[in-house]
Each structure stands twice: as structure tokens, then as C-alpha cells.
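Following: one structure in C-alpha cells, then a few remarks.
What follows is calculated from the coordinates using simple rules that are stated; it is not laboratory data. Model, not experiment: these values are computed from the prediction. For neighbour counting, all protein chains shown are included, and Cβ atoms are generated from backbone atoms with ideal geometry for every residue, glycine included.
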Amino acid sequence: MIGLYGGSFDPPHRGHVALAQRAKEELGLERLIVLVSADPGHKQVETPAEVRLELAVAAFPNDEVLLDEHARTVETLRAHPQWVDPVFVIGADQFCDFPSWQEPQEVLRLTRLAVATRPGFPQERLEAVLEQLEAPERVVFFELDPIPVSSRDLRARLAAGADVSAELPAAVAELIAREGVYGRPPGYTEVA
């Protein structure tokens with residue numbers, strides 16, 4: 001069974017890695033393909049796609065990591081007919097926005113959804129989305145302990161010179177520090 005896990009990964013953090021690992025365990029995935037969105041259709045990214053791809057390769061060393069040139073999930077799935085009935089892994093918050101995705105019913109025809117929920121997430125929000133779907137049986141849920149970290153917060157803290165290495169996979173933290181991604185370049189010194 002093939003799992004797909006997409007995102008901007010700007011930067012990839014411990015929460016991303018934990019979700020991927022839990023999905024592999026819960027779903028018995030033989031293969032996970034991490035899709036780094038070159039130009040996400042739903043949000044602005046400033047970090048170049050090639051940099052985010054390199055960070056994702058460091059974060060997911062045991063998985064296949066690809067640059068996804070498509071802005072919408074439905075376009076990605078149509079471009080890869082060789083992925084036969086894959087499982088697309090998303091978080092509960094993303095699932096609640098699923099009806100607003102481009103052609104959500106077609107996405108659900110081309111892939112199953114595996115939704116990571118966290119303890120205490122309102123079940124009624126999930127049920128409200130399921131009621132809007134033509135094939136709700138193509139959605140499975142699994143639970144993930146919350147890891148309170150966000151890429152947006154990490155970017156801001158990195159730009160301010162904070163040490164966020166505890167919230168990043170070690171290889172990602174090393175790459176960010178070495179290349180000066182999101183903050184001060186190597187050798188930078190503050191001028192008084």
C-alpha cells in the first residue's frame with residue numbers, strides 16, 4: 001500500500017515526522033511518498049522549493065521525497081496514475097477544510113484519506129465533513145498525540161536567532177544551521 005504525505009514542509013519538524021511514522025504504523029504502509037509542494041495553491045511560501053525539498057529529504061531519510069509541481073492535490077493524483085488507490089495522509093484540521101479543496105469528490109475517488117486526529121478533537125467537526133462526501137467509507141481515522149509545533153512559529157523563531165533544534169529532526173537542524181536557512185547565514189556577526 002502506498003501512502004502520500006504532502007505539504008510545504010517549511011521547515012519539516014518533529015510533528016511532520018511523527019505524523020508520517022504513525023501513519024506508516026497504523027496503516028501498514030509499504031511505501032510513503034513525501035510530496036513537497038513547489039507552489040502550494042492554498043498558501044504563500046517564501047522559501048525556495050529546492051531548499052524545502054532538501055530539508056524534507058533530511059527529515060524523511062527512509063521515505064521517497066519528491067517535488068510536487070502541482071498546486072492542487074487532484075492535479076497531482078491525475079498526473080500519477082501509477083499510484084493505484086493510494087492513501088493520502090492529512091491532519092484533522094486539513095480534513096475539516098477538505099470540502100473546499102479543488103474537486104474533493106474526485107480526490108476521494110483517486111485516493112483514500114487517512115486522517116490523523118488528536119485526543120479531544122471535536123468529533124462533530126469530522127462528522128460534518130463526512131456527511132458532505134459521496135464516499136465517506138474511503139476515509140479512515142487514526143489518533144496521534146499532539147506535538148505543539150508549527151512551521152510558521154519555527155520560521156519566526158529561527159529568523160530571530162532562537163535555537164529550535166529540539167523541535168526539528170537533527171539532520172534538518174544541522175542543514176538549517178549550516179546553510180543559514182530562515183535566519184542569519186553562517187559566520188554572521190551582529191554589528192553594534
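Remarks
- Extreme residue, positive dipole direction of the chain, given options VAL139, VAL84, ALA114 (C-beta unit charges): ALA114
- Distance from the C-alpha centroid of the range 90-147 to that of the range 1-32: 16 Å, rounded to the whole angstrom.
- Residues listed by number, the range 58-95, amide nitrogen under 20 Å from ALA171 label point at 7 Å toward C-beta: 58-68
- Angle in degrees between helix 49-59 and the longest Cα principal axis of the chain, rounded to the nearest 10: 80 degrees
- FRET efficiency for ARG109 and ILE147, using Cβ-Cβ distance with R0 set to 41 Å, rounded to 0.05: 0.80
- Label point at ARG138 placed 7 Å out along Cα→Cβ; residues across the range 91-117 whose backbone nitrogen lies under 16 Å: 95, 98-115
- Taking θ as phi - 60° and the Karplus parameters 6.51, -1.76 and 1.60, the scalar couplings of the range 135-150 work out to 10, x, 5, 8, 10, 10, 10, 9, 9, 9, 5, x, 10, x, 8, 9 Hz in sequence order, x denoting glycine and proline.
- Relative contact order for the chain, counting Cα pairs under 8 Å that sit 6 or more residues apart, in percent: 23 percent
- Per-residue 3J(HN,Hα) values for the range 113-124, derived from phi via the Karplus relation 6.51 cos²θ - 1.76 cosθ + 1.60 with θ = phi - 60°, read 10, 10, 10, 8, 10, 10, x, x, 5, x, 4, 5 Hz in sequence order (x marks Gly and Pro).
- Length gained on full extension, ALA79 to GLN102, computed as 0.36 nm times the residue gap minus the Cα-Cα distance: 6.8 nm.
- Under the combined filter of DSSP loop state and at most 16 neighbouring Cβ atoms within 10 Å, the range 1-90 retains these GluC sites (Glu not before Pro): GLU30, GLU46, GLU69.
- Over the chain, dividing the summed -39,500 (n - 2.57) contributions of all DSSP H runs of at least 4 residues by the number of residues returns a 222 nm mean residue ellipticity of -10500 deg cm²/dmol.
- Each residue, ALA18 and ASP39, gets one label point 7 Å from its Cα in the Cβ direction; the gap between the two is 3.4 nm.
- Extension gain for the segment LEU130 to GLU25, taken as residue separation times 0.36 nm less the Cα-Cα distance, is 35.4 nm to one decimal.
- Rounded, prolate or oblate (a/c below 1.5 giving rounded, otherwise prolate when a/b exceeds b/c) for the range 61-147 by Cα gyration tensor: oblate
- Between the range 167-182 and the range 47-66, the alpha-carbon center distance in angstrom: 12 Å
- Nearest 10 degrees, 0 to 90: helix 14-27 Cα axis against the chain principal axis: 30 degrees
- Charge dipole magnitude, Cβ of K and R +1, D and E -1 - the range 2-147, Cα centre, debye nearest 20: 160 debye
- Amide H to amide H distances under 5 Å link GLY6 with LEU35, VAL89, where only residues 5 or more positions off or on other chains count and H is placed in the peptide plane.
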